[in-house]
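Bear in mind these aren't lab numbers, they're just calculated from the coordinates by the rules spelled out. This is a predicted model, so every value here is computed, not measured. Glycine also receives a Cβ, built like all others from the backbone with ideal geometry; neighbour counts cover every protein chain displayed.
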Amino acid sequence: MEVGEHELIDLIRKAVGGPSGATLVGIGDDAAVYEPTGELALLTCDAFVEDVHFRRSFAAFGLIGAKFVISNVSDIAAMGGFPTHAVVSLGVPGDMSAADVERLYAGMLDAARRYGVEIVGGDIVASRSGLLASVAMVGTVSRERVVTRAGAVVGDVVLTTGRFGGSEAGLKSLTEGLKNTGLVRAAMRRHLEPVARIAEAQALIDVATPHAMIDVSDGLASEVRHLADESGVGMRIHRDRIPVAPEAVEVGRILGIDPLELALGSGEEFELLVTIPASEAERTIEHVSAVTGTAVTCIGEVTERLERCIMVDPRGDEEPLPRVGYEHLAAPRN
């Protein structure tokens, strides 16, 4: 790094700009100052570690920075809220330049503007083990629209936005060095340029009564289990209803991987998984699709806890929902 900490902070302050709106004091002081609204506050944070969450060999700094922000925005979306402010802490390795940090921030700022977020502070330290980042985000939600993971009710249906498997297919395409064309290119973009479902969450809440909701960051099967565990219920997921992304089908064909396996285990999809009363399913699917252009699919039902989480094939045969997906602190598998 050719500049010092304070020079780098000045560079970032110029890139971000001065405080605006409800923000009274922004980057450069010991803390940011903003005036809260009358709504409930949402607080979330995500940490990112090079070669765990991203690889500089796969993605430009701008795309890496954008994903830092989008990951947090997705958490706010899954609670039914809107993101407002963020603080960013970086651990910068010696092989990064000031220009690299500028590109990283450019990506963060681009994503922040798209979702209505103001970056108001953070910290910068040296790192001896690659690029590290931690983003903490504040959002707001009205009391009557907040949704948690813990409210699923027996008899609810289970809905998802979008399609699954594309992000994992993109990661495998990059890792295996597949040719960047057609659906393989689409898979790579799905992994490198995710989208947070703020609009979809709001459209859903406008017409339905969501009892539980989560964003799919660690894999569809994993998040189904999280919702079931937090709500104290079981879930029946229909194998043939799971919306598999066409890019996952193509990459699966090339690499000899079952596309359903990709769909169930793919992390960083940032789609929504939600349970609502069965009577609201049809109108919700139609409304969200019409308003946002994002497909919504009913993939299962909420059951008694005794049944746990099972997957059902078209013949009615049942099996435990596969334990696939990403878990950071899981013991290594043999």
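Based on Cβ point charges of +1 for Lys and Arg and -1 for Asp and Glu, what charge dipole magnitude is obtained for the chain about its Cα centre, in debye rounded to the nearest 20? All intermediate terms of the calculation are to be shown ahead of the outcome.
Values: 30 positive and 49 negative charges, 119 e Å.
My answer is approximately 580 debye.
Starting from the Cα-Cα distance between Arg315 and Arg241, subtract it from 0.36 nm times their residue separation and give me the gain in nm to one decimal. Please report the intermediate quantities before stating the final value.
Working: separation 74, 0.36 × 74 = 26.64 nm, distance 1.31 nm.
Contour length minus the Cα-Cα distance gives 25.3 nm.
Convex hull volume of the Cα atoms in the stretch 164-321, per residue, in Å³? Could the numbers behind the result be given before it?
Details: hull volume 17.9 nm³, N = 158.
Hull volume normalised by residue count: 113 Å³.
State the antiparallel share, in %, of DSSP beta bridges confined to the chain, rounding to the nearest 5. Let's see the in-between values first.
Working: 42 of 58 bridges.
Antiparallel: roughly 70 percent of the beta bridges in the chain.
Using alpha carbon centroids, what distance separates the stretch 110-162 and the stretch 79-94, in Å?
The stretch 110-162 and the stretch 79-94 have Cα centres spaced 9 Å from each other.
Between Glu102 and Val52, what is the label-point separation in nm under the 7 Å Cα-to-beta-carbon projection?
For the pair Val52/Glu102, the computed spacing is 3.1 nm.
Quickly work out the Arg143-to-Leu306 label distance, labels modelled 7 Å from Cα along the C-beta direction, and quote it in nm with one decimal.
Here the modelled spin labels are 3.8 nm apart.
For the chain, I need the span (max minus min coordinate) of the C-alpha atoms along each principal axis, in Å, sorted largest to smallest.
65, 50, 38
Pick out which of Arg149, Arg253, Arg197 has the largest mean-square fluctuation in a Gaussian network model of the chain, springs linking Cα atoms closer than 10 Å.
Arg253
Quick one: among Ser97, Ser231, Ser222, which has the greatest mean-square fluctuation in a GNM of the chain with alpha-carbon springs under 10 angstrom?
Taking springs between Cα atoms under 10 Å, the residue moving most is Ser97.
Rank-order 167-174, 307-314 by packing density, defined as the average count of other C-beta atoms within 10 Å over each peptide's residues, highest first. Mind dumping the intermediate values first?
Values: 167-174: 26.2, 307-314: 16.0.
Averaged packing, sorted descending, gives the order 167-174, 307-314.
Please name which of Val138, Ile276, Gly300 has its Cα lying farthest along the dipole of the chain towards the positive end, using unit charges on Cβ (Lys, Arg +1; Asp, Glu -1) and the Cα centre as origin.
Result: Gly300, furthest along the dipole toward the positive end.
Taking Cα pairs under 8 Å and at least six residues apart, what relative contact order does the chain come out at, in percent?
On the way: 754 pairs, mean separation 68.1, N = 334.
Answer for the chain is 20 percent.
Considering only Asp215, Asp110, Asp95, give the residue with the highest GNM mean-square fluctuation for the chain, with springs between Cα atoms whenever their separation is below 10 Å.
Comparing Asp215, Asp110, Asp95 in a Gaussian network model of the chain, the most mobile one is Asp95.
Calculate, in nm to one decimal, what Val33 and Asp206 gain on full extension: separation in residues at 0.36 nm each, minus their alpha carbon distance.
Separation in residues times 0.36 nm, less the Cα-Cα distance, equals 59.1 nm.
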